[in-house]
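Below: one structure, written as structure tokens.
The values are calculated or read from the model by the stated rules, or taken from the named source; none is laboratory data. Values in this document were obtained by computation on a predicted structure and should not be read as measured data. Glycine gets a Cβ as well: all are built from the backbone with ideal geometry, and neighbour counts include every protein chain shown. When the accessible area is computed, the model is the full protein with side chains, heavy atoms only, and any ligands, DNA or RNA have been set aside. Shrake-Rupley method; radii C 1.70, N 1.55, O 1.52, S 1.80 Å.
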Amino acid sequence: MIVALVLALLVASVLLLALNANPLEAYAAMWEGAAGKENATAETLVKATPILFVGIGITIAFRGGMINIGGEGQMIAGALAGVTIALILGEMRVPPELAKEKGAFDLIIVTCSLIGGFLAGALYGGLAGFLKAYFDVNEILSTIMLNQIAVQMMNFLLNGILLDPAEAGVNNIPKTARLVTAAQLPRLSLPIGDPHLFARTRLHWGLIIAIVLAVIIYIFLWRTSLGYRIRAVGENQRASSYAGINVKRQMMFSMFLAGGFAGLAGVVQVLGLQYRLQTDGSPAGFTGAAGFNGIVAALFGGLNPIGAIPAAAFFGGLLVGAQKMQRELGVPASLITAVNGLIVVFVVSSEIFILQRSKRRVSLQETPDNLGSGGGKPADRASPDEGSG
Amino acid sequence: MKKRLLIILVFVLAWAGTASLAQDDVFRVAALMPSAINDLAFSQSMYDGLTAVQNELGAEAFQFDVQDSTYIVDDAAVALRDWAASGDYQLVIAHGSQYGPIVEELASEFTDVSFAWGTRQDTFGMDNVYSYAAASDEGGYFNGVLAAHLTESRVIGLVGPIEVGDGKLYADGFANGVASVDPDIDVNIVFIGSFSDVPLATEAAETHIANGADILTGTAQMVVGPIAAAKENDVLWFGSDSSQDELSGDIGVAFQIYKWDVLLLDMIRKIGEGDLGGEYYVLTLENEGLVMEFDQDFEISDELMAVAEETIAGIVSGEIVPIPAMDDDMAEESEEEDDGEDSED
Amino acid sequence: MELDAIFTASVFASAIRLATPYIFAALGETFAQRSGVLNLGVDGMMLMGAFTGFYAVFITQQEGTLSEPLSLLFGVLIALIVGGLMGLAMAFVSVTLKAKQGISGIGVYLFGLGLSELLFQQWVGTPKSVSGFPRITFPYLSDIPVLGQIFFHHNLLVYVAFALVPISAFVLNRTTFGLMIRAVGQNPEAADAMGVSVARVRYATTTIGGMLAGLAGASLSIALINLFQQNLTAGQGFIAVALVYFGGWRPWAVAAGAMLFSFVNALQLQIKVIGLDIPSEFAVMAPYVITIIALVFASKRQEQPTALTKPYERGE
């Protein structure tokens, strides 16, 4: 893993030199942007939050043998439902004069919005699971298509019934009205120093929710029979079927959960950060590509929700730091996109070496074996342990 | 509530103390843009504007930093906050209407940094926020009038991104401009649902041409595709935001160019005098923030030149209103009427 | 009532153009997947092919070093080489290093996306156009009403793409090489036992996939659009991967899927141009919705290559 990172950074250095930039300065700028100051660290964690939510969901889906590429669409579905609930309840429960009341917090609004966002994302993800289970529609295909559909649905709603009434002119921006304060997730600070650590940053409670859920999902997957069934289907469908597990239902269920977590990522972005749903009309305009980055984080975390936590933080830092590098040195952000790609390739490639080492010990076959092979045929050979640390 | 205000105040004071260290005689601007600085469209117009200001004031008196291709709305918050907090910049520009809510939040926190954002006429009632917009309907109208005179097939195609903001304003102005010459000319409008999908925009242009269009126009950075399609099919092109002369070759006719330097210079002067914001600017033909430029390769007849000058004079004097009664729903209604005519054909 | 205004010949011609990059990329991906390699990096390979192909043409045309047809062929060659190299890299990662294919593909995608944009910014800067493959006018054929407009007004690469469909089907189903590909994808142990090198076949197919992805990109940048811009493909490579599943790993069906998707896309543009009053967002999402629905009802139950995404390890 470390070797892979160093290798990727070496290649990046060559590219930087070709751009007449000093690689050391560039990495220093990146570090400063990602972890240099209190605010930089906070922004890294803010960026990591949706990636972690999606990553947890992807972990469940991949453990269940489903390749979920639909994080982007599920995030949007969650955000749309969550923001609608927050707006409606906000209007019902908070009188207009208290709409901007500082420090207000309404547990009912926030909880309902989060649950609504989860369910919407879950249904959207579950739809792909349903199509796979009962109509044999490959989930890679359906989730890619559903992403595009969700974006257009968002554009339609944000220019229509969800449009901020203040925007109802000619020159309107596709965005909803701002949520009342009581519907917002509070900012997060740690009682260290004065003023408190992170008190003046955008860090919000979404991070804590994500971390807690990561732990819960870890327990769920490895300590409950339901979690066991999901993993069993992921590892061997035929055997699971013989063992009396309803494979179709488990497939749907793992996509349902995966979509739900992506939905949470979407609604938390709205409730914790932007306080409204807005877009520039492109998918990543709202999601920040967290639906894809979450896949990467999940795999980096070894398809383990706990492992996804540092992985998400790492990618958050990379993305935030890259921006700083662009500002400080004028290095194009596209360089970082390319280097991110290299890091991904190098790290997954290096797993073989980790694997060889672990093989000397008795390897536990934990990783789903027929990941992405939906044909339902048994693995007719000793499967390679894609074992991840 | 008061406590929060107090914290902000203390923070701002503490920060202001350190900030003054960084300042010298150079006026520093930081600008954030949604697409590439050389996109031949919206982002480039601002980059060109900043460059023009630097040429005017000299590099020793004016410097600027940019972060471009920031289409992820939330990433903008990181960059803008970093700039505002650094204390190195007197003016922070958020060039995209989608960044508005972020500016609103930051401006209340960093009260002695001046912010500018657009395109929108809304300063949030804050003393340290300038906002700016472009009356792109004026250039749209102008282009529409010229296009109506040049079309032989009496069909004109427009390729837009999503149906909001500047793109919609331009489209409405354009349609009205055409209709002012001859309401029976068809203006077919396609919003492709994306700012960046070049292949789809290209095919939209091809579809226009297949349906008889002999003139095309459009906005946003994906219009490079339609321009290429226009070239391929030898169809005339009208552009907006920046000059697309370089790409359009001999099929370009006229471009509406945003001269942001006009308002930037005024903003810089005011900030120098201690006015950090509270006003909005609109680029118009009248204040020469909008400039209509003919393609170098386009040979314009005297007759058409007269029409062009007349149209500009009419818009400047207020005789011509590109989109009548913009404040209420009239604009939308008139658009619906257009649609109705189209489907009757 | 307005059906003949909607279903014009130009819509069919438009669908053929739109389908071209999908067909190249999806056929290439079909080869890779048939042998058991899932390449999710198609879009990145397309982008690199699009940029390098464009750049080769741009430079040679600008400096006048090559005549126009030669510069275009040079562009195609470069796109094939660059795409092929990326395919080779993908093969090394997924066959030799046995990396997880879905994820390494996303890495390759990001790499291609970033690098093509970076090189474009450094070497070209602002969008510039080249004179790409011209539309071919066939004597007599192009003048046939309707059919002439639909089939005989395209550039060379469009015909190459469609010609590749029967060729791919022939190679996969009727040649020894095709048999080896299918064997390796279906039952690598048996193939290995019969003396077929699993690794070598997978290297070959993934490289072919990369070359065709590069060509798909070039078909945009030097034939259909004739310029390059950041993220020119706008995610077409991912759609191409989806189309392989849609077509059940059979070249004809894959091409049919590409045509269906492109046809609905062409149709939604036409509907907007003639001004039918439907929200543009619904028109834009139509191709995606219809593709899913088509698949639900088609329900071909095609078995996917059993060994797809699974690295092969020899029993020791």
Open item on the list: As an exercise: evaluate A:F314 against (1) facing chain C (nearest Cβ under 9 Å); (2) within 14 Å of the chain's Cα centre (by Cα); (3) surrounded by fewer than 24 Cβ atoms within 10 Å (Cβ to Cβ) and give the number of the one condition it does not meet.
Closed with: (1)
Task: Pick from region B:176-190, criterion in contact with a strand residue (DSSP E or B) (Cβ under 8 Å, 6 or more places away or on another chain) and open to solvent by less than 10 Å² (accessible area, probe 1.4 Å), ranking: nearest to C:I278 (Cα to Cα) - done: B:V190
- [ ] May I ask you to verify whether C:L276 is more than 25 Å from A:R238 (Cβ to Cβ), within 13 Å of chain B (Cβ to nearest Cβ) and modelled with pLDDT of 90 or more?
- [x] no
Open item on the list: Out of C:I239, C:I278, I need the residue that is β-branched (V, I, T), surrounded by fewer than 24 Cβ atoms within 10 Å (Cβ to Cβ) and within 30 Å of B:A171 (Cβ to Cβ). Which one?
Closed with: C:I278
Open item on the list: Looking at C:L276 and the list (1) in contact with an Asp or Glu (Cβ under 9 Å, 6 or more places away or on another chain); (2) within 23 Å of A:P283 (Cβ to Cβ); (3) touching a residue at least 60 places away in the same chain (Cβ under 8 Å), which single condition is not satisfied?
Closed with: (2)
Open item on the list: Given the condition in contact (Cβ under 8 Å) with a residue 24 or more places away in the chain, crowded, with 19+ Cβ neighbours inside 10 Å, within 14 Å of chain C (Cβ to nearest Cβ) and touching a helix residue (DSSP H, G or I) at 6+ places or on another chain (Cβ under 6 Å), answer yes or no: does some residue in region B:71-91 qualify?
Closed with: yes
Task: Enumeration of residues in region B:38-69 that are facing another protein chain (nearest Cβ under 8 Å) and either in a helix (DSSP H, G or I) or polar (S, T, N, Q) (or both) - done: B:N38, B:Q44, B:Q67, B:S69
Task: Matching residues in region C:58-103 - criterion: being open to solvent by 70 Å² or more (accessible area, probe 1.4 Å), outside any loop (DSSP other than H, G, I, E, B) and within 30 Å of C:N226 (Cα to Cα) - done: C:Q62, C:E68, C:P69, C:L70, C:L73, C:F74, C:L77, C:I81, C:L85, C:L88
TODO: Within region C:3-27, work out how many residues are polar (S, T, N, Q) and either under 21 Å from the mean Cα position of the chain (by Cα) or more than 8 Å from every other protein chain (Cβ to nearest Cβ) (or both).
DONE: 2
- [ ] Scan B:L158, B:L200, B:L146 and give me the residue that is aliphatic (A, V, I, L, M), within 14 Å of chain C (Cβ to nearest Cβ) and open to solvent by less than 10 Å² (accessible area, probe 1.4 Å).
- [x] B:L158
Open item on the list: Suppose we keep only residues that are assigned to a loop (DSSP other than H, G, I, E, B) and over 22 Å from B:G274 (Cβ atoms) within region B:103-122. Which one would you say is least open to solvent (accessible area, probe 1.4 Å)?
Closed with: B:T119
Open item on the list: Considering only residues that are of a type in the set (D, E, K, R), within 12 Å of chain C (Cβ to nearest Cβ) and touching a helix residue (DSSP H, G or I) at 6+ places or on another chain (Cβ under 6 Å), which ones fall in region B:207-244?
Closed with: B:K231
- [ ] From (1) within 20 Å of the chain's Cα centre (by Cα); (2) more than 30 Å from A:A183 (Cβ to Cβ); (3) among the β-branched types (V, I, T), pick out the condition that doesn't hold for A:V270.
- [x] (2)
- [ ] Give just the number: which of (1) at negative phi; (2) part of a helix (DSSP H, G or I); (3) not aromatic (F, W, Y) does B:G249 not satisfy?
- [x] (1)
- [ ] Check whether at least one residue in region C:262-272 is farther than 30 Å from B:L247 by Cα and part of a helix (DSSP H, G or I), and report yes or no.
- [x] yes
Task: Qualifying helices (runs of 4 or more DSSP H) (wholly inside region C:110-221; at least 2 residues being under 30 Å from A:A333 (Cβ atoms) and under 18 Å from the mean Cα position of the chain (by Cα)) - done: C:198-219
